[in-house]
Amino acid sequence: MEVAPNANPPVCKIMDFGKFKYEQDVRRKESRRKTTNVVIKEMKFRPKIDEHDYTTKTKHVERFLNEGSKVKITIMFRGREMAHPELGKKILDRIAEQVKDVGNVEAAPRVDGRNMLMVLAPVKKQEPKPGAPKPRPPAPVASEAPVAAAPAPPPPAESVPASPTS
């Protein structure tokens with residue numbers, strides 16, 4: 001196999017082709033394993049949603065974000081509800097406020113026909129790097145009046161037998 005074709009003279013290496021193919025497959029599988037598939041889940045709300053239904057659906061949205069999925073929130077308007085898009089905007093803002101610790105707004109609320117859409121993305125967690133030092137816990141706060149420590153007793157004297165040759 002040619003290692004450095006532009007060198008003068010070109011550098012070649014004799015190798016086992018089966019081993020080379022195997023290592024190539026292992027590298028390919030490793031890179032495939034590290035990729036993440038982004039899943040978009042959808043949660044549908046209505047402008048006149050009841051409080052209990054709202055809390056249940058919001059908990060589902062939080063769970064989806066914790067799992068690492070993006071969430072598309074849709075407010076569906078019917079009939080005369082289209083005259084009051086501010087109701088849908090109010091619900092979307094309320095959801096974004098409630099899930100701000102686990103997700104952030106990726107696509108701001110927009111009207112699409114009879115629906116109002118917003119996309120939430122999970123918050124990236126800061127993972128410590130393998131070589132980075134671990135953060136130390138905060139030092140304990142010393143009390144205002146220092147306490148005098150009792151002096152330590154002296155260590156016991158060891159008795160060494162005298163050697164007859166000295």
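Laid out as a table, the results:
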read-out: Neighbour cut-off at most 10 other Cβ (10 Å), DSSP loop, trypsin sites (Lys or Arg not before Pro), the stretch 1-38; value: LYS13
read-out: In nm, spacing of pseudo-spin labels at ILE49 and LYS34 (7 Å Cα→C-beta vector); value: 3.9
read-out: Cross-link partners of LYS34 among lysines (Cα-Cα below 21 Å; sequence separation of 8 or more within a chain); value: LYS21, LYS70, LYS124, LYS125, LYS129
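Bear in mind that the values in this text are calculations on the coordinates, not laboratory data. Being a predicted model, the structure only gives us computed values, none of them experimental. Counting neighbours? That spans all protein chains shown, and the Cβs are built from the backbone with ideal geometry, glycine included.
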